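The values are calculated or read from the model by the stated rules, or taken from the named source; none is laboratory data. Remember, it's a predicted structure, so these values are computed and weren't measured experimentally. Methodologically, a virtual Cβ is constructed for each residue, glycine included, from the backbone with ideal geometry; neighbour enumeration extends over all protein chains shown.
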Amino acid sequence: MLSPVASVPIVEPHPEAIRAALEQLRNTGAVLRQCPARPRLTRLASLLDGWADPNSPWRRRLLSALPATTGFAPAAVATGLELALKKWNGAALFDLVEREFADPTACDGEDTFSARGFPVTAVSLAGCLPTPTLWNLLAPLVLGSPVLVKPSRGDPITAELVAASITELDPELGNCIRIVPFPSSDAPSTHAFLSADCVVATGSDATLRAICARVTPPQRLIAYGHRLSLTVLGPQALRGEALTRTAEATAVDVALWDQLGCLSSIAVYTVGTEKEAGVFAEALAASLTAAEKRWPRGPLPDSARAAFAHERALAEMRAAADPAVQMFEDPASRWVVVCEADGRFRPAPLYRFVRVHPVHNLAALADALSPVRSHLAAIAAAGFGPDTSRATRLLGELGASRICPPGHLQAPSLGWHHDGQPVLLPLARLTDNELS
(Lines give C-alpha, C1' and ligand atoms only; values in the text may rest on other atoms or scores of the structure.)
Protein backbone atom coordinates (compact mmCIF):
# COMPACT_ATOMS: atom_id res chain seq x y z
CA MET A 1 0.00 0.00 0.00
CA LEU A 2 1.29 3.46 -0.86
CA SER A 3 1.89 5.92 1.94
CA PRO A 4 -0.22 9.10 2.12
CA VAL A 5 0.94 11.96 -0.08
CA ALA A 6 2.96 14.59 1.78
CA SER A 7 1.32 17.99 2.04
CA VAL A 8 2.14 20.20 -0.95
CA PRO A 9 1.34 23.93 -0.83
CA ILE A 10 -1.08 24.76 -3.64
CA VAL A 11 -1.36 28.50 -4.29
CA GLU A 12 -4.80 29.95 -4.89
CA PRO A 13 -5.04 30.93 -8.59
CA HIS A 14 -5.41 34.62 -7.85
CA PRO A 15 -2.89 37.41 -8.64
CA GLU A 16 -2.56 38.57 -5.03
CA ALA A 17 -2.02 35.01 -3.82
CA ILE A 18 0.63 34.45 -6.49
CA ARG A 19 2.47 37.63 -5.53
CA ALA A 20 2.31 36.64 -1.86
CA ALA A 21 3.73 33.21 -2.73
CA LEU A 22 6.57 34.83 -4.65
CA GLU A 23 7.46 36.98 -1.66
CA GLN A 24 7.31 34.01 0.69
CA LEU A 25 9.55 32.00 -1.63
CA ARG A 26 12.07 34.85 -1.81
CA ASN A 27 12.32 34.76 1.98
CA THR A 28 12.76 30.99 2.19
CA GLY A 29 15.24 31.09 -0.69
CA ALA A 30 17.40 33.66 1.08
CA VAL A 31 17.68 31.29 4.02
CA LEU A 32 18.31 28.28 1.77
CA ARG A 33 21.22 29.95 0.00
CA GLN A 34 22.93 30.68 3.30
CA CYS A 35 23.40 26.92 3.79
CA PRO A 36 26.32 25.04 2.16
CA ALA A 37 25.53 23.70 -1.28
CA ARG A 38 26.93 20.20 -0.93
CA PRO A 39 24.38 18.94 1.66
CA ARG A 40 21.58 20.29 -0.55
CA LEU A 41 23.04 18.53 -3.59
CA THR A 42 23.36 15.33 -1.59
CA ARG A 43 19.67 15.44 -0.67
CA LEU A 44 18.65 16.13 -4.27
CA ALA A 45 20.93 13.32 -5.46
CA SER A 46 19.18 11.00 -3.01
CA LEU A 47 15.83 12.11 -4.41
CA LEU A 48 16.94 11.26 -7.97
CA ASP A 49 18.20 7.87 -6.80
CA GLY A 50 14.73 7.27 -5.39
CA TRP A 51 12.94 8.20 -8.61
CA ALA A 52 15.41 6.08 -10.62
CA ASP A 53 14.38 3.01 -8.62
CA PRO A 54 11.46 1.20 -10.35
CA ASN A 55 10.23 0.10 -6.91
CA SER A 56 10.13 3.64 -5.55
CA PRO A 57 6.73 4.43 -3.97
CA TRP A 58 6.74 7.67 -5.94
CA ARG A 59 7.33 5.87 -9.23
CA ARG A 60 4.53 3.46 -8.31
CA ARG A 61 2.20 6.34 -7.45
CA LEU A 62 2.96 8.06 -10.76
CA LEU A 63 2.41 4.80 -12.65
CA SER A 64 -0.93 4.47 -10.92
CA ALA A 65 -2.13 8.03 -11.59
CA LEU A 66 -0.65 9.10 -14.92
CA PRO A 67 -2.55 6.81 -17.34
CA ALA A 68 -5.92 8.09 -16.15
CA THR A 69 -4.94 11.75 -16.58
CA THR A 70 -2.93 11.53 -19.82
CA GLY A 71 -4.45 8.53 -21.63
CA PHE A 72 -1.11 6.74 -21.98
CA ALA A 73 -1.30 2.97 -21.56
CA PRO A 74 0.08 1.80 -18.17
CA ALA A 75 2.68 -0.40 -19.90
CA ALA A 76 3.80 2.53 -22.04
CA VAL A 77 4.20 4.75 -18.96
CA ALA A 78 6.18 2.03 -17.17
CA THR A 79 8.55 1.52 -20.12
CA GLY A 80 8.86 5.25 -20.81
CA LEU A 81 9.81 5.98 -17.19
CA GLU A 82 12.23 3.08 -17.07
CA LEU A 83 14.04 4.29 -20.20
CA ALA A 84 14.07 7.96 -19.20
CA LEU A 85 15.06 7.61 -15.55
CA LYS A 86 17.58 4.77 -15.55
CA LYS A 87 20.46 7.25 -15.98
CA TRP A 88 18.94 10.05 -13.90
CA ASN A 89 20.56 9.31 -10.56
CA GLY A 90 22.55 11.03 -7.86
CA ALA A 91 25.92 10.32 -9.45
CA ALA A 92 24.72 11.87 -12.71
CA LEU A 93 23.65 15.01 -10.82
CA PHE A 94 27.07 15.46 -9.23
CA ASP A 95 28.74 14.82 -12.59
CA LEU A 96 26.57 17.52 -14.16
CA VAL A 97 27.36 20.07 -11.44
CA GLU A 98 31.08 19.38 -11.72
CA ARG A 99 30.96 19.60 -15.51
CA GLU A 100 29.28 23.00 -15.56
CA PHE A 101 30.72 24.58 -12.38
CA ALA A 102 33.96 22.61 -11.86
CA ASP A 103 33.18 22.23 -8.14
CA PRO A 104 29.88 22.06 -6.20
CA THR A 105 31.25 24.66 -3.77
CA ALA A 106 30.86 27.21 -6.58
CA CYS A 107 27.18 27.19 -5.61
CA ASP A 108 28.15 28.54 -2.16
CA GLY A 109 29.00 31.92 -3.67
CA GLU A 110 32.30 32.36 -1.82
CA ASP A 111 34.98 31.45 -4.37
CA THR A 112 36.72 33.20 -7.25
CA PHE A 113 33.90 31.91 -9.45
CA SER A 114 30.45 31.46 -7.97
CA ALA A 115 27.00 30.49 -9.23
CA ARG A 116 23.89 31.47 -7.32
CA GLY A 117 20.29 30.77 -8.11
CA PHE A 118 17.78 33.56 -8.60
CA PRO A 119 15.61 34.67 -5.66
CA VAL A 120 12.69 32.79 -7.29
CA THR A 121 12.41 30.75 -10.48
CA ALA A 122 8.94 30.45 -12.03
CA VAL A 123 8.52 27.29 -14.13
CA SER A 124 5.70 27.12 -16.68
CA LEU A 125 5.22 23.52 -17.79
CA ALA A 126 3.69 22.20 -21.01
CA GLY A 127 2.91 18.85 -22.56
CA CYS A 128 2.04 15.58 -20.87
CA LEU A 129 5.38 13.82 -20.35
CA PRO A 130 6.41 13.45 -16.69
CA THR A 131 10.21 13.48 -16.86
CA PRO A 132 10.67 17.13 -17.97
CA THR A 133 8.52 18.10 -14.99
CA LEU A 134 10.75 16.18 -12.60
CA TRP A 135 13.90 17.88 -13.83
CA ASN A 136 12.41 21.38 -14.17
CA LEU A 137 11.42 21.32 -10.49
CA LEU A 138 14.78 20.01 -9.31
CA ALA A 139 17.17 22.10 -11.41
CA PRO A 140 16.54 25.50 -9.73
CA LEU A 141 16.83 23.89 -6.29
CA VAL A 142 20.35 22.71 -7.21
CA LEU A 143 21.32 26.39 -7.23
CA GLY A 144 19.29 27.28 -4.16
CA SER A 145 16.46 28.95 -6.04
CA PRO A 146 12.87 28.30 -4.84
CA VAL A 147 10.39 27.27 -7.51
CA LEU A 148 6.91 28.57 -8.36
CA VAL A 149 5.31 26.01 -10.68
CA LYS A 150 2.47 26.36 -13.17
CA PRO A 151 1.51 22.74 -13.99
CA SER A 152 0.77 21.62 -17.48
CA ARG A 153 -2.87 21.19 -18.42
CA GLY A 154 -1.88 17.92 -20.07
CA ASP A 155 -0.31 16.53 -16.88
CA PRO A 156 -1.66 17.99 -13.63
CA ILE A 157 -0.28 15.06 -11.58
CA THR A 158 3.50 14.90 -11.87
CA ALA A 159 4.39 18.33 -10.43
CA GLU A 160 2.43 17.64 -7.26
CA LEU A 161 3.94 14.18 -6.83
CA VAL A 162 7.49 15.44 -7.37
CA ALA A 163 6.95 18.28 -4.91
CA ALA A 164 5.49 15.85 -2.39
CA SER A 165 8.49 13.53 -2.75
CA ILE A 166 10.84 16.46 -2.09
CA THR A 167 8.81 17.48 0.97
CA GLU A 168 8.90 13.96 2.33
CA LEU A 169 12.68 13.73 1.89
CA ASP A 170 13.45 17.26 3.12
CA PRO A 171 10.68 19.55 4.45
CA GLU A 172 13.01 22.56 4.15
CA LEU A 173 13.44 21.99 0.42
CA GLY A 174 9.75 21.17 0.10
CA ASN A 175 8.97 24.57 1.56
CA CYS A 176 10.79 26.08 -1.41
CA ILE A 177 8.15 24.87 -3.89
CA ARG A 178 4.71 26.31 -4.54
CA ILE A 179 2.29 25.03 -7.18
CA VAL A 180 -0.17 27.42 -8.77
CA PRO A 181 -2.68 25.98 -11.27
CA PHE A 182 -4.32 28.66 -13.38
CA PRO A 183 -5.43 28.83 -17.03
CA SER A 184 -3.19 30.64 -19.48
CA SER A 185 -6.17 32.80 -20.39
CA ASP A 186 -6.07 34.36 -16.88
CA ALA A 187 -4.09 37.48 -17.79
CA PRO A 188 -3.76 38.97 -14.25
CA SER A 189 -2.48 35.68 -12.80
CA THR A 190 -0.12 35.26 -15.76
CA HIS A 191 1.26 38.76 -15.18
CA ALA A 192 1.88 38.02 -11.49
CA PHE A 193 3.48 34.65 -12.28
CA LEU A 194 5.82 36.15 -14.87
CA SER A 195 7.08 38.75 -12.40
CA ALA A 196 9.46 36.15 -10.93
CA ASP A 197 13.18 36.86 -11.12
CA CYS A 198 13.79 33.95 -13.50
CA VAL A 199 11.22 32.31 -15.78
CA VAL A 200 11.56 28.89 -17.38
CA ALA A 201 8.90 28.37 -20.04
CA THR A 202 8.08 25.47 -22.34
CA GLY A 203 5.45 25.72 -25.05
CA SER A 204 4.59 26.60 -28.61
CA ASP A 205 6.53 29.28 -30.42
CA ALA A 206 3.49 31.57 -30.20
CA THR A 207 3.25 31.06 -26.43
CA LEU A 208 6.93 31.84 -25.98
CA ARG A 209 6.69 35.00 -28.07
CA ALA A 210 3.96 36.25 -25.75
CA ILE A 211 6.07 35.43 -22.69
CA CYS A 212 9.16 37.11 -24.18
CA ALA A 213 7.19 40.32 -24.48
CA ARG A 214 6.49 40.27 -20.72
CA VAL A 215 9.78 39.06 -19.26
CA THR A 216 12.38 41.79 -19.55
CA PRO A 217 15.87 42.42 -18.07
CA PRO A 218 17.04 42.13 -15.37
CA GLN A 219 14.72 39.12 -15.33
CA ARG A 220 16.07 35.94 -16.91
CA LEU A 221 14.01 33.98 -19.44
CA ILE A 222 14.89 30.41 -20.40
CA ALA A 223 12.56 29.34 -23.20
CA TYR A 224 12.10 25.93 -24.78
CA GLY A 225 9.94 26.13 -27.88
CA HIS A 226 8.60 23.71 -30.47
CA ARG A 227 11.10 20.95 -31.22
CA LEU A 228 10.98 17.68 -33.17
CA SER A 229 13.12 14.57 -33.51
CA LEU A 230 13.87 12.29 -36.47
CA THR A 231 15.58 9.05 -37.42
CA VAL A 232 18.31 8.95 -40.08
CA LEU A 233 19.52 5.58 -41.38
CA GLY A 234 22.47 4.71 -43.56
CA PRO A 235 22.78 1.71 -45.89
CA GLN A 236 24.11 -0.71 -43.26
CA ALA A 237 20.94 -0.31 -41.16
CA LEU A 238 18.68 -1.18 -44.10
CA ARG A 239 19.94 -4.66 -44.92
CA GLY A 240 20.17 -8.14 -43.43
CA GLU A 241 19.70 -8.69 -39.70
CA ALA A 242 20.32 -5.01 -38.99
CA LEU A 243 17.07 -4.14 -40.80
CA THR A 244 14.86 -5.93 -38.27
CA ARG A 245 16.81 -4.65 -35.25
CA THR A 246 16.69 -1.09 -36.51
CA ALA A 247 12.96 -1.28 -37.28
CA GLU A 248 12.21 -2.63 -33.80
CA ALA A 249 14.30 0.10 -32.15
CA THR A 250 12.67 2.80 -34.28
CA ALA A 251 9.23 1.52 -33.29
CA VAL A 252 10.15 2.18 -29.65
CA ASP A 253 11.08 5.79 -30.50
CA VAL A 254 7.75 6.22 -32.33
CA ALA A 255 5.37 4.37 -30.02
CA LEU A 256 6.42 5.51 -26.55
CA TRP A 257 4.51 8.62 -25.44
CA ASP A 258 2.56 8.43 -28.74
CA GLN A 259 5.00 10.88 -30.39
CA LEU A 260 3.85 13.66 -28.03
CA GLY A 261 7.32 14.50 -26.73
CA CYS A 262 10.05 16.45 -28.51
CA LEU A 263 12.23 13.31 -28.42
CA SER A 264 9.74 11.14 -30.30
CA SER A 265 10.71 10.29 -33.87
CA ILE A 266 8.16 11.67 -36.31
CA ALA A 267 9.92 10.74 -39.56
CA VAL A 268 12.62 8.39 -40.87
CA TYR A 269 15.11 9.36 -43.58
CA THR A 270 16.84 6.45 -45.31
CA VAL A 271 20.04 7.22 -47.19
CA GLY A 272 19.95 4.76 -50.06
CA THR A 273 17.55 3.65 -52.76
CA GLU A 274 13.78 4.02 -52.96
CA LYS A 275 13.50 0.22 -52.77
CA GLU A 276 15.43 0.17 -49.48
CA ALA A 277 13.12 2.84 -48.08
CA GLY A 278 10.09 0.69 -48.96
CA VAL A 279 11.60 -2.40 -47.38
CA PHE A 280 12.32 -0.47 -44.19
CA ALA A 281 8.81 1.01 -44.12
CA GLU A 282 7.36 -2.52 -44.30
CA ALA A 283 9.66 -3.70 -41.49
CA LEU A 284 8.71 -0.68 -39.37
CA ALA A 285 5.03 -1.47 -39.91
CA ALA A 286 5.58 -5.00 -38.59
CA SER A 287 7.41 -3.61 -35.56
CA LEU A 288 4.64 -1.08 -34.85
CA THR A 289 2.15 -3.96 -34.94
CA ALA A 290 4.11 -5.63 -32.14
CA ALA A 291 4.50 -2.32 -30.29
CA GLU A 292 0.74 -1.73 -30.37
CA LYS A 293 0.17 -5.04 -28.61
CA ARG A 294 2.72 -4.19 -25.93
CA TRP A 295 1.98 -0.48 -25.57
CA PRO A 296 -1.54 0.30 -26.86
CA ARG A 297 -1.94 3.80 -28.21
CA GLY A 298 -3.88 6.19 -26.03
CA PRO A 299 -7.08 7.98 -27.06
CA LEU A 300 -6.88 10.89 -29.50
CA PRO A 301 -8.42 14.30 -28.74
CA ASP A 302 -10.92 15.38 -31.38
CA SER A 303 -8.51 17.84 -33.04
CA ALA A 304 -5.75 15.22 -33.20
CA ARG A 305 -8.16 12.62 -34.57
CA ALA A 306 -9.16 15.00 -37.35
CA ALA A 307 -5.53 15.81 -38.24
CA PHE A 308 -4.60 12.12 -38.23
CA ALA A 309 -7.54 11.22 -40.48
CA HIS A 310 -6.76 14.12 -42.83
CA GLU A 311 -3.11 13.14 -43.35
CA ARG A 312 -4.07 9.48 -43.68
CA ALA A 313 -6.61 10.31 -46.41
CA LEU A 314 -4.07 12.46 -48.28
CA ALA A 315 -1.49 9.67 -48.11
CA GLU A 316 -4.04 7.16 -49.35
CA MET A 317 -4.87 9.34 -52.36
CA ARG A 318 -1.20 9.92 -53.19
CA ALA A 319 -0.47 6.18 -52.89
CA ALA A 320 -3.31 5.46 -55.32
CA ALA A 321 -1.95 8.00 -57.81
CA ASP A 322 1.79 7.34 -57.44
CA PRO A 323 3.25 3.80 -57.25
CA ALA A 324 6.34 5.26 -55.50
CA VAL A 325 4.22 6.10 -52.44
CA GLN A 326 3.39 3.14 -50.21
CA MET A 327 1.09 3.06 -47.21
CA PHE A 328 0.96 0.57 -44.33
CA GLU A 329 -1.51 0.82 -41.50
CA ASP A 330 -3.11 -0.95 -38.61
CA PRO A 331 -6.68 -2.17 -39.42
CA ALA A 332 -8.01 0.20 -36.76
CA SER A 333 -5.66 3.03 -37.88
CA ARG A 334 -3.82 2.95 -34.56
CA TRP A 335 -0.61 3.54 -36.50
CA VAL A 336 0.24 4.53 -40.08
CA VAL A 337 3.54 4.26 -41.96
CA VAL A 338 3.81 6.16 -45.24
CA CYS A 339 6.78 5.51 -47.50
CA GLU A 340 7.14 8.75 -49.40
CA ALA A 341 8.54 9.15 -52.90
CA ASP A 342 11.03 11.85 -51.91
CA GLY A 343 12.64 13.67 -48.99
CA ARG A 344 10.17 16.55 -48.80
CA PHE A 345 9.19 17.12 -45.18
CA ARG A 346 5.44 16.82 -44.67
CA PRO A 347 3.10 17.53 -41.72
CA ALA A 348 3.26 15.13 -38.77
CA PRO A 349 -0.11 14.50 -37.09
CA LEU A 350 1.62 12.45 -34.33
CA TYR A 351 -0.05 9.57 -32.47
CA ARG A 352 2.08 6.98 -34.33
CA PHE A 353 1.87 8.43 -37.80
CA VAL A 354 5.36 8.18 -39.25
CA ARG A 355 6.78 8.84 -42.73
CA VAL A 356 9.77 7.13 -44.33
CA HIS A 357 11.61 9.36 -46.80
CA PRO A 358 14.26 8.12 -49.26
CA VAL A 359 17.26 10.35 -49.96
CA HIS A 360 20.16 9.30 -52.14
CA ASN A 361 23.05 10.77 -50.17
CA LEU A 362 23.98 13.03 -47.26
CA ALA A 363 23.85 16.16 -49.43
CA ALA A 364 20.24 15.34 -50.34
CA LEU A 365 19.52 14.71 -46.65
CA ALA A 366 20.81 18.18 -45.78
CA ASP A 367 18.54 19.74 -48.41
CA ALA A 368 15.52 17.74 -47.18
CA LEU A 369 16.00 18.76 -43.54
CA SER A 370 16.79 22.40 -44.24
CA PRO A 371 13.17 23.58 -43.66
CA VAL A 372 13.08 22.12 -40.12
CA ARG A 373 16.65 22.70 -38.97
CA SER A 374 15.65 25.46 -36.54
CA HIS A 375 13.31 23.02 -34.78
CA LEU A 376 15.50 19.93 -34.57
CA ALA A 377 15.99 18.43 -31.12
CA ALA A 378 17.48 14.94 -31.45
CA ILE A 379 18.25 12.52 -34.24
CA ALA A 380 18.55 8.74 -33.95
CA ALA A 381 21.19 7.59 -36.43
CA ALA A 382 22.66 4.24 -37.48
CA GLY A 383 24.07 2.35 -40.43
CA PHE A 384 26.72 4.73 -41.75
CA GLY A 385 29.78 2.59 -41.05
CA PRO A 386 32.98 4.43 -42.06
CA ASP A 387 30.90 7.52 -42.89
CA THR A 388 29.58 7.85 -39.32
CA SER A 389 31.79 10.82 -38.42
CA ARG A 390 30.79 12.69 -41.57
CA ALA A 391 27.12 11.92 -40.97
CA THR A 392 27.12 13.01 -37.32
CA ARG A 393 29.00 16.21 -38.20
CA LEU A 394 26.32 17.01 -40.76
CA LEU A 395 23.51 16.29 -38.31
CA GLY A 396 25.11 18.58 -35.76
CA GLU A 397 25.45 21.33 -38.34
CA LEU A 398 21.76 20.91 -39.17
CA GLY A 399 20.92 21.77 -35.56
CA ALA A 400 20.53 18.46 -33.72
CA SER A 401 21.55 18.95 -30.10
CA ARG A 402 21.60 15.19 -29.47
CA ILE A 403 22.51 12.22 -31.70
CA CYS A 404 21.93 8.70 -30.41
CA PRO A 405 21.24 5.13 -31.62
CA PRO A 406 17.66 4.20 -32.59
CA GLY A 407 15.67 3.02 -29.59
CA HIS A 408 17.38 5.55 -27.29
CA LEU A 409 15.67 8.80 -28.23
CA GLN A 410 13.50 8.62 -25.11
CA ALA A 411 16.49 8.08 -22.80
CA PRO A 412 18.58 11.27 -22.74
CA SER A 413 21.26 11.71 -20.11
CA LEU A 414 20.61 14.15 -17.28
CA GLY A 415 23.11 16.54 -18.82
CA TRP A 416 22.04 16.54 -22.47
CA HIS A 417 22.24 19.98 -24.01
CA HIS A 418 18.56 20.71 -24.60
CA ASP A 419 18.31 23.21 -27.48
CA GLY A 420 22.13 23.26 -27.55
CA GLN A 421 22.32 25.02 -24.17
CA PRO A 422 24.06 24.14 -20.92
CA VAL A 423 21.72 22.60 -18.36
CA LEU A 424 22.27 24.50 -15.10
CA LEU A 425 24.26 27.53 -16.21
CA PRO A 426 21.25 29.39 -17.70
CA LEU A 427 19.56 29.18 -14.27
CA ALA A 428 22.52 30.77 -12.49
CA ARG A 429 23.73 34.25 -11.68
CA LEU A 430 27.50 34.08 -12.15
CA THR A 431 30.12 36.10 -10.31
CA ASP A 432 33.85 36.39 -10.94
CA ASN A 433 35.42 37.49 -7.65
CA GLU A 434 38.89 38.95 -8.31
CA LEU A 435 39.33 39.91 -4.65
CA SER A 436 39.00 36.35 -3.34
Scanning region 264-278 for residues that are surrounded by fewer than 24 Cβ atoms within 10 Å (Cβ to Cβ) and either more than 28 Å from the chain's Cα centre (by Cα) or farther than 28 Å from Pro412 by Cα (or both) gives Gly272, Thr273, Glu274, Lys275, Glu276, Gly278
Any idea which of (1) touching a helix residue (DSSP H, G or I) at 6+ places or on another chain (Cβ under 9 Å); (2) acidic (Asp, Glu); (3) closer than 25 Å to Pro156 by Cα is the one Glu23 doesn't satisfy?
-> (1)
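Suppose the filter is within 22 Å of Ala76 (Cβ to Cβ) and either free of Cβ contacts under 8 Å to residues at least 40 places away in the same chain or touching a helix residue (DSSP H, G or I) at 6+ places or on another chain (Cβ under 9 Å) (or both); does Asp302 pass it?
Working: within 22 Å of Ala76 (Cβ to Cβ): yes; either free of Cβ contacts under 8 Å to residues at least 40 places away in the same chain or touching a helix residue (DSSP H, G or I) at 6+ places or on another chain (Cβ under 9 Å) (or both): yes.
Answer is yes for this residue.
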With the condition kept exactly as written, say whether any residue in region 385-392 is among the acidic types (Asp, Glu), touching a residue at least 24 places away in the same chain (Cβ under 8 Å) and loosely packed, with under 15 Cβ neighbours inside 10 Å.
-> no
List the number of the failed condition for Pro235; all other conditions in (1) surrounded by fewer than 22 Cβ atoms within 10 Å (Cβ to Cβ); (2) more than 30 Å from Lys275 (Cβ to Cβ); (3) touching a Gly at 6+ places or on another chain (Cβ under 9 Å) hold.
-> (2)
Selection from region 273-297 of residues charged (D, E, K, R), touching a residue at least 24 places away in the same chain (Cβ under 8 Å) and either assigned to a helix (DSSP H, G or I) or under 21 Å from Pro235 (Cβ atoms) (or both) yields Glu274, Glu276, Glu282, Glu292, Arg294
Which one is modelled with the highest pLDDT, of the residues in region 208-260 that are over 23 Å from Glu282 (Cα atoms) and polar (S, T, N, Q)?
-> Gln219
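Rundown of residues vs (1) hydrophobic (A, V, I, L, M, F, W, C); (2) modelled with pLDDT of 95 or more; (3) in contact with a helix residue (DSSP H, G or I) (Cβ under 9 Å, 6 or more places away or on another chain), yes/no style:
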{"position": "Thr105", "(1), (2), (3)": "no, no, yes"}
{"position": "Asp108", "(1), (2), (3)": "no, no, yes"}
{"position": "Arg116", "(1), (2), (3)": "no, no, yes"}
{"position": "Leu138", "(1), (2), (3)": "yes, yes, yes"}
{"position": "Arg153", "(1), (2), (3)": "no, no, no"}
{"position": "Glu168", "(1), (2), (3)": "no, no, yes"}
{"position": "Arg178", "(1), (2), (3)": "no, yes, yes"}
Just need a number here: residues in region 18-34 that are in contact (Cβ under 8 Å) with a residue 24 or more places away in the chain and not hydroxyl-bearing (Ser, Thr, Tyr).
-> 11
Can you tell me which residues in region 183-231 are among the hydroxyl-bearing types (Ser, Thr, Tyr), more than 22 Å from the chain's Cα centre (by Cα) and in a loop (DSSP other than H, G, I, E, B)?
-> Ser185, Ser195, Thr216
If you check Val180 against the conditions, is it more than 19 Å from the chain's Cα centre (by Cα) and either hydroxyl-bearing (Ser, Thr, Tyr) or crowded, with 18+ Cβ neighbours inside 10 Å (or both)?
-> yes
